[in-house]
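We did not get these values from a lab; they are worked out from the coordinates using the rules stated. Everything quoted here is computed from the prediction, not taken from an experiment. Positions of Cβ are generated from backbone atoms using ideal geometry, with glycine treated the same way; all protein chains shown enter the neighbour counts.
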Amino acid sequence: MKKKLIVLFAILLLNACAQSTALIGPAITVGTTGNVLQAGYSYGSNIAIKHTTGKTPEEHLSSYVSGKRKEKQIRGYLETHIEIMRTKIYLKSHIEKTRNKLSLKENG
């Protein structure tokens, strides 16, 4: 119970420490592979990307996924709209053909 309270307090206290969480990925890399050089490159590239673009790699990924999601929604809307327009065109041509047949019967 005491450990849970300490962990909860630590989470609440360190909630906004986003910069320190950038070290978690490289720390995991070192812990699993033991390759300190790879972890250093990973951390360095993350910092370089953040400095150059103003966004972290995770933010780039998030914006990319969100863009793809919007693109998919728009594509679905357009496909639905195109299908509706095709149906309207078909019905209009069918109505015209039926009117022509009816007018031929009345005249003939």
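Is there a pair in 4/50; 72/97; 4/72; 50/70 whose C-alpha atoms are over 32 Å apart, and which pairs would that be? Display every interim value, and only then the final one.
Working: 4/50 34 Å; 72/97 37 Å; 4/72 43 Å; 50/70 25 Å.
In this structure, 4/50; 72/97; 4/72 lie more than 32 Å apart at Cα.
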* Exposure proxy check: 3, 50 ranked by fewest other beta carbons within 10 Å? -> 3, 50
* In whole Hz, with x marking every Gly and Pro, tabulate ³J(HN,Hα) for the range 42-47 from phi via Karplus 6.51 cos²θ - 1.76 cosθ + 1.60, θ = phi - 60°. => 4, 5, x, 5, 4, 5
* Please list, or write none, the aspartates and glutamates whose alpha carbon is within less than 16 Å of the alpha carbon of residue 105, excluding same-chain residues fewer than 8 places away. => 96
* Asked: Tell me, what HN-Hα J-couplings in whole Hz come from the Karplus equation 6.51 cos²θ - 1.76 cosθ + 1.60 at θ = phi - 60° for each residue of the range 57-65, using x for Gly and Pro?
  -> x, 5, 5, 4, 4, 4, 5, 5, 5
* **Sequence-distant lysines (8 or more away, or on other chains) whose Cα lies within less than 23 Å of residue 101** => 88, 92
